[in-house]
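Enquirer: Below: one structure in structure tokens.
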Amino acid sequence: MAQGGCCPRWTAVATFPELINSQFSPINIGIDTQDCISEVIEFKKRALAIHLLRVLPEFMLDTPGMKRRKKHFARLVERVQAVHTPAQRAGCPRNLADDLLSLHASDPQFLPETDLPFAFVSSLLAAFYLGSALSFAVYAMVSQPALYRRIQAEAATFFANGEPAGEEVQEFSLDTTHRLIMECQRMYPVVPMQVRNVMNAFTLEGYSPPVGTRLFIAQTATHYMDDVFPDPFSFDIDRYLPERKEQVGHGYAPFGLGTHTCRSRLTRR
């Protein structure tokens, strides 16, 4: 057991989102949010449980702890605005906060001030999911010594001449690492389902859910179907070799499907 009675594996899992946030936050919104990200994430989890999953009553967002955490959203906006004055940003590369503040200034009806907290925080939440995905990738790597050694050798070659320039970062130069991440996203998807409300009447395979019905769409269920991925519960990075390409088609869906797909380059090969 770790200090404070926390299991070491959970300490590690919590560390990865914070690690990604430490890199992501300054790039996206120009400030370091390590001091408040854990509070923001806890508020997000509670809000999703109430408004999206509907497994908790609404008053659970009004507890003293949640009220305290909610204040971080307003402070976050103030901190971002404080470092994004025209004088401070002169000559700096534009980031997400610059674009959001410009949009708010040019069309406050489209992006009102009340929506700025969520707009800023949404990128931090994306970093949280990326951190969770990284924790699975590291687990898959270190739990398989042979694969670990292959990735170490690949990294040694990749960084042999120092840090590569942007144009040198290609999928083929990190092929083993690339396929490891793809298989982790198949076996351990961090967004295993999506929740949607029926807006227009439709019929699908004999089912006609009424307008307003809440649907829980398990788009990653196909990841565990042997007619889509042979031997689906085996971790196999060779699924994504050119001669197999098991990710091609609609079976590989770690980021969702349809118009709401957060589709990365990893799924386009």
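Enquirer: Do we have H72 as touching a Cys at 6+ places or on another chain (Cβ under 8 Å) and either surrounded by 14 or more Cβ atoms within 10 Å (Cβ to Cβ) or of a type outside the set (K, R) (or both) here?
Expert: Working: touching a Cys at 6+ places or on another chain (Cβ under 8 Å): yes; either surrounded by 14 or more Cβ atoms within 10 Å (Cβ to Cβ) or of a type outside the set (K, R) (or both): yes.
In short, yes.
Enquirer: Here's a follow-up. On the basis of being in contact (Cβ under 8 Å) with a residue 40 or more places away in the chain and surrounded by 17 or more Cβ atoms within 10 Å (Cβ to Cβ), does L134 make the cut? It would help to see each step written out before you state the result.
Expert: Working: in contact (Cβ under 8 Å) with a residue 40 or more places away in the chain: yes; surrounded by 17 or more Cβ atoms within 10 Å (Cβ to Cβ): yes.
Answer is yes for this residue.
Enquirer: Another question, if that's okay. Could you please find all residues in region 36-53 being in contact (Cβ under 8 Å) with a residue 40 or more places away in the chain and exposed (fewer than 14 other Cβ atoms within 10 Å of the Cβ)?
Expert: L52, L53
Enquirer: Taking only pairs six or more apart or across chains, which ones have beta-carbon atoms under 6 Å, a first residue in region 228-251 that is at pLDDT 95 or above, and a second residue that is open to solvent by 40 Å² or more (accessible area, probe 1.4 Å)?
Expert: Final answer for the pair search is P232/Y224; P232/D226.
Enquirer: If you don't mind, there's one more thing I want to ask. Hey, could you check region 203-215 for residues that are surrounded by 10 or more Cβ atoms within 10 Å (Cβ to Cβ) and touching a residue at least 12 places away in the same chain (Cβ under 8 Å) and say which is nearest to I50 (Cα to Cα)?
Expert: The qualifying residue nearest to I50 (Cα to Cα) is R214.
Enquirer: Also, quick follow-up: List the number of the failed condition for P93; all other conditions in (1) open to solvent by less than 70 Å² (accessible area, probe 1.4 Å); (2) outside any helix (DSSP H, G or I) hold.
Expert: For P93, the failing item is (1).
Enquirer: Quick one: is L56 within 30 Å of I217 (Cα to Cα), at pLDDT 90 or above, open to solvent by 50 Å² or more (accessible area, probe 1.4 Å) and not β-branched (V, I, T)?
Expert: Numbers: within 30 Å of I217 (Cα to Cα): yes; at pLDDT 90 or above: yes; open to solvent by 50 Å² or more (accessible area, probe 1.4 Å): yes; not β-branched (V, I, T): yes.
Criteria met by L56.
Enquirer: Moving on to the next point. Taking the conditions exactly as written (among the hydroxyl-bearing types (S, T, Y) and open to solvent by 70 Å² or more (accessible area, probe 1.4 Å)), does Y240 satisfy them or not? If you could, list the steps in order and put the result at the bottom.
Expert: Working: among the hydroxyl-bearing types (S, T, Y): yes; open to solvent by 70 Å² or more (accessible area, probe 1.4 Å): no.
Answer is no for this residue.
Enquirer: Moving on. If I filter region 194-202 for residues that are open to solvent by less than 60 Å² (accessible area, probe 1.4 Å), in contact (Cβ under 8 Å) with a residue 12 or more places away in the chain and in a loop (DSSP other than H, G, I, E, B), do I get at least one hit? Write out each step before concluding.
Expert: Here is the first cut: in region 194-202, the ones open to solvent by less than 60 Å² (accessible area, probe 1.4 Å) are 194-195, 198.
Retained after the next criterion (residues that are in contact (Cβ under 8 Å) with a residue 12 or more places away in the chain): 194-195, 198.
After this cut, where a residue has to be in a loop (DSSP other than H, G, I, E, B) as well, the list is 198.
Yes: one or more hits.
The values are calculated or read from the model by the stated rules, or taken from the named source; none is laboratory data. Please read all numbers here as calculations on a predicted model, not as lab measurements. Neighbour counts are summed over all protein chains in view; Cβ atoms, including those assigned to glycine, are modelled from backbone coordinates with ideal geometry. In case anyone asks, the SASA skips ligands and DNA or RNA and just uses the protein heavy atoms, side chains included. Shrake-Rupley method; radii C 1.70, N 1.55, O 1.52, S 1.80 Å.
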